[in-house]
Amino acid sequence: MSAPVAKPPAALPEELAAPERTGRRGSALVHRLFVVRELGILAALVLLVLVTVVANPRFLSGQNVRDLLLSAAILTVLAAGQTMVIVTRNVDLSVGSVLGLSAYATGTLLVVAPGTPVVVAVLAGTAVGAVCGLLNGLVVAAAGVPSLVVTLGTLYAFRGLDSLWASSADRLQINAADLPSGFKALGGARLLGVPVLFLVAVAVVLLVGWYLRTFRSGRELYGIGSAPEAARLSGIPVGRRVLTAFVVNGALAGLAGVLYAARFQTLDTTAGTGQELFVVAAAVVGGVAIFGGSGSVYGAALGALLLTTIGTALPQLGLDPFWRDAAVGALILAAIALDRALQLRLAARLRGRNARRDR
Amino acid sequence: MDHASSSAPGRVVLALEDVGKSFGAVAALRGAQLELRAGETHALVGENGAGKSTLVKILAGVHGPDTGRVLLDGQPVALADPAAARAAGIAVIYQEPTLFPDLSVAENIFMGRQPLLPGRRIDRRTLARRCRELFDRLGVALDPDRPARGLSIADQQMVEIAKALSFDARVLVMDEPTAALSGVEVERLFAVARSLRDSGAAVLFISHRFDEVFDLCDRITVMRDGQWVSTDPARDLTVDRVVRRMVGREVSSLFPKIDVEPGEVVLEVRGLTRRGVFADVSFDVRAGEIVALAGLVGAGRSEIVRAVFGVDPYDAGSVRVSGEELRKGDPAAAMAAGIALVPEDRRQQGLVMELSVERNATLTRRWKLARGGLLSSRAERAQAAEWSKRLQVKAGRLSDPVSTLSGGNQQKVVLAKWLSTEPRVLIVDEPTRGIDVGTKSEVHRLLSELAAGGLAVVMVSSELPEVLGMADRVLVVSEGRLVDDIPRARADEDSVMLAATGQGGTSAGAAR
Ligand SMILES: Nc1ncnc2c1ncn2[C@@H]1O[C@H](COP(=O)(O)OP(=O)(O)OP(=O)(O)O)[C@@H](O)[C@H]1O
Ligand SMILES: [Mg+2]
């Protein structure tokens, strides 16, 4: 159980006379804990970068950082969508396959109709993802099947569809040479030195974060994850909200597929394989509670950035790639331990606040 | 939604006609009826499992009736879901608090109805202000921005009440809102309920405390076994008549307290202190003694007993059982030393809602029932059956999940679970919360008998008659301190209330 360190007996009368003053501190406390959570990831990130730079000063060279941001961009977009789903106490394991399908669909569109404007290609890929998300969401919300099971099924189904399409169209791989140059330019495009793909990811995170915090339906997503029964009793349209979360997540996975196509420009049917667990890991490391109800998209984005950085930093430190997986595992465990510790602390503090003067 | 002013007093706003509702083989309602008029406070009473909460859930749009009709302003309506009931102007406080633990108190109250800025953005400033206004009206000192997680049961209930009030509804339904509240809070709630009534709303009030029912309500509807029994003006009724209609037989609501000569000191609490919560709490409890902790909600009574049992930490002091000091913050050690705690919040701390009645009832003593490490389900079932019978648990089958039981019956299962551990010190926090008259006196008889058999009992209770009827000594807690120690002979309503509100306290200080 929680057994904080014994504090010396206090001078009591003043302490006890003050319960109503503790009121405002309650929210400050909660807020501080969340900030601590996000600062923790940031600190880990800074530490990692520092260590790597000491070992290899070229780690912070322009090209290296740009590569890092490009890789992080895709994971971040996925993590933003996944956060919306996880806060409702669901999970979407099919995002890797959706990414693959959307990347392949976008590529095919551009091969078949090379004149397609880039914007249209982006919208098309996003739409493919949205349709996949709609399918997931319909089964979860309408049929009431646990999302873990549903999306585990569609993980294979969407991937299978992708392979089937590729083999029946006799186009197992799409190469850079097949893609129009306008689209390829997107992968390398920069604005003020920052890769455009990364800016897209930042925009997505800010938008989702703003939505979750500012709109009734965004708050309702948290409510659904926090207490599903209470959500039903308070008249929240649970099914519709969960469906929306899945559709948005699917659309973002579709967008991530387009980003993937633009960045790698060589597409086959394995694109995005295994990403789903990496995304969930990013969200968990970022403080999104896997049982729903709490966590922010900013934390998840930081988690994605951290995981990507580990992936690129470890080889630079001269470590075997095997260590990447071990490090990710350790991080997840550390994140869970940290969340638990913070929660116990918060609970202990808040419980004390029940005792209050009532007049 | 300003429905309240639109209905003329005395007009029937909401009615149930011949409503039936079954859950599988259990017929929760058969031919229930109810008629709520504008400008009246209406009580609904009945034993545990009589179907009161089921009826409430039909009014709330949670359950659809199998048979019968719901009439709003004389017109049949289908309340398809909770949103529809809200739109019809019906606000409901459910028996079990239904809060979002991760969200702030203010968001809990206004979920789905947050005040908006242009562009449909949530206006957080107004949200906090409106929440504070509601709390002022109810006299609650809660911070709107704190999360609902960790609120005491009483505070959860106050948040639920604030939520229901915020609707400005024409029908306010309250399912045992006072079960966790003490006199002062109840008075405040009633003042608000009366002012709603006077502005033309219909108020439906459910409680097992008859003094409250007669204090607040204009008319009383009695239910038994899912059926309507009677509806009469309160002034034509007496408590005895209501009870007889509820139970169908005579029940003595007197507490059969057995006088016991106290034995050795079993529980010794010295200088227990938790900063900001309670301070320098010292008391002894002897074998055979029933000691009540009385005081206002939020005085720190539950926090004290939780610290004694070890589920909460404390900063200073000691707890001894039969002279042995307990390790602090270690409930397992406390249980091994023979302490049992029946917690206040049965849903979160007392029961595993998905497990069956028998599993829950024997959860704490599974090792004693095990043979060679294997659980004997026959022994388990026999034990569960015995305690369920002694406490008159009304359940379809003992293998049904606890979540399908009525609120009062869930409370009985929690009691059964701890009583069956045969403890030396029994700490009960609100032992009869939500329990009906018949069983209440049964629980009191049981506690009294157990004490006579040498058990030391510490009882936290907000119900003054219970405290006065049961306790050998009343320890009054006010703002985290023991302010008085009143022996049975001197304990009465005035002495306890004066001490609790900080105006009395003749023998203030530690009680040894
Ligand atoms: N979801 C459910 N599934 C199965 N049985 C149920 C369900 N809800 C209620 N019941 C049963 O219906 C009956 C009536 O329960 P209800 O909760 O309405 O009683 P109540 O009058 O509110 O009692 P209390 O005073 O204890 O709160 C009980 O026998 C209960 O076990
Ligand atoms: Mg009930």
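Odds and ends about this structure:
- Between residue B:80 and residue A:190, the modelled labels are 5.7 nm apart [label points 7 Å from Cα along Cα→Cβ].
- Value of relative contact order over chain B, rounded to a whole percent, pairs C-alpha under 8 Å and six or more apart: 16
- Rounded to 5, percent antiparallel among DSSP beta bridges of the protein assembly as shown: 60
- Efficiency of FRET from Cβ geometry, residue B:282 and residue B:494, R₀ 30 Å, rounded to 0.05: 0.75
- Nitroxide proxy distance, nm - points 7 Å out along Cα→Cβ at residue A:325 and residue B:403: 3.7
- Amide H contacts of residue B:274 (H built 1.01 Å from N, in plane; Pro and chain starts excluded): B:279, B:280, B:315 sit under 5 Å, all sequence-distant by 5 or more or on other chains.
- Take each residue of peptide B:92-102, count the partner chain Cβ atoms within 10 Å of its Cβ, and average: the result is 5.
- When peptides A:240-251, A:99-110, B:327-338 are sorted by average Cβ neighbour count within 10 Å, with the highest value leading, the order is A:99-110, A:240-251, B:327-338.
- A 1.4 Å probe run over the protein chains yields, for the protein assembly as shown, 40 Å² of accessible area per residue, whole-number rounding.
- Tail beyond 35 Å, pair distance distribution of chain A (Cα, percent): 30
- Among A:169-182, B:414-427, the order from most to least packed when residues are scored by Cβ within 10 Å on average: B:414-427, A:169-182
- Using a cutoff of 8 angstrom between alpha carbon atoms and counting only pairs six or more residues apart, the relative contact order for region B:68-130 works out to 16 percent.
- Distance between the modelled labels on residue A:164 and residue B:422, one decimal in nanometres: 6.6 nm (7 Å Cα→Cβ projection).
- Ignoring lysines fewer than eight residues from residue B:21 along the same chain, the ones with Cα atoms less than 22 angstrom from its Cα are B:52, B:57, B:394.
- Between the helical axis of A:216-226 and the longest alpha-carbon principal axis of chain A there is an angle of about 70 degrees.
- Vicinal HN-Hα couplings computed from phi for region A:299-312 (Karplus, 6.51 cos²θ - 1.76 cosθ + 1.60; Hz; Gly/Pro x): x, 4, 5, 4, x, 4, 5, 5, 4, 5, 4, 4, x, 8
- Apportionment of accessible area to carbon and sulfur, the protein assembly as shown, percent (1.4 Å): 58
- Cβ-Cβ FRET estimate between residue A:175 and residue A:199, R0 fixed at 30 Å, reported to 0.05: 0.65
- Peptide B:78-88 - average C-beta neighbours from other chains (10 Å radius): 2
- Residue-by-residue Karplus 3J(HN,Hα) for region B:229-246, coefficients 6.51, -1.76, 1.60, Hz, glycine and proline x: 10, 6, 9, 9, x, 4, 5, 8, 10, 10, 4, 4, 5, 4, 4, 4, 5, 5
- Legend: calculated FRET efficiency, residue B:129 to residue A:157, from the Cβ-Cβ distance at R0 = 45 Å, rounded to 0.05, equals 0.35.
- Space enclosed by the convex hull of the alpha-carbon atoms of region B:206-361, per residue, Å³: 179
- Neighbouring Cβ atoms from other chains, within 10 Å of the Cβ of residues in B:272-280, number 6 on average.
- When only the Cβ of Lys, Arg, Asp and Glu is charged (+1, +1, -1, -1), the dipole of chain B relative to its Cα centre reaches about 1240 debye.
- Within chain B, percent of DSSP bridges classed antiparallel, to nearest 5: 55
- Residues with amide H under 5 Å from that of residue B:341, placed H, sequence gap 5 or more: B:427
- 5 angstrom amide H check on residue B:14, placed H, neighbours 5+ away: B:36, B:73
- Dipole moment magnitude, nearest 20 debye, region A:62-339 about Cα centre, only Lys, Arg, Asp, Glu C-beta charged: 640
- The mean of 1/r over all pairs of different alpha-carbon atoms in chain B, once inverted, gives a Kirkwood hydrodynamic radius of 23.9 Å.
- Theoretical gain in end-to-end length, residue B:445 to residue B:322 [0.36 nm per residue, Cα-Cα removed]: 41.7 nm
- Each peptide in B:450-457, B:81-88 gets a packing score, the mean of other Cβ atoms within 10 Å over its residues, and the list from highest to lowest is B:450-457, B:81-88.
- Taking all Cα pairs closer than 8 Å and separated by 6 or more residues, the relative contact order of region A:62-339 comes to 37 percent.
- For region B:480-489, 3J(HN,Hα) computed residue by residue from phi via the Karplus equation (6.51, -1.76, 1.60; θ = phi - 60°) reads x, 10, 7, 9, 7, 10, 10, x, 3, 4 Hz, glycine and proline entered as x.
- For the protein assembly as shown, the Kirkwood hydrodynamic radius from C-alpha pairs, put into Stokes-Einstein at 20 °C and a viscosity of 1.002 mPa s, yields a diffusion coefficient of 72 µm² per second.
- Angle between chain A longest axis and helix A:118-143 axis [Cα atoms, degrees, rounded to 10]: 50
- Relative to the longest principal axis of the Cα atoms of chain B, helix B:153-165 runs at roughly 10 degrees.
The values are calculated or read from the model by the stated rules, or taken from the named source; none is laboratory data. Model, not experiment: these values are computed from the prediction. Virtual Cβ from ideal backbone geometry, glycine too; neighbours counted across all protein chains shown. With ligands, DNA and RNA removed, areas are computed over all heavy atoms of the protein, side chains included. Shrake-Rupley method; radii C 1.70, N 1.55, O 1.52, S 1.80 Å.
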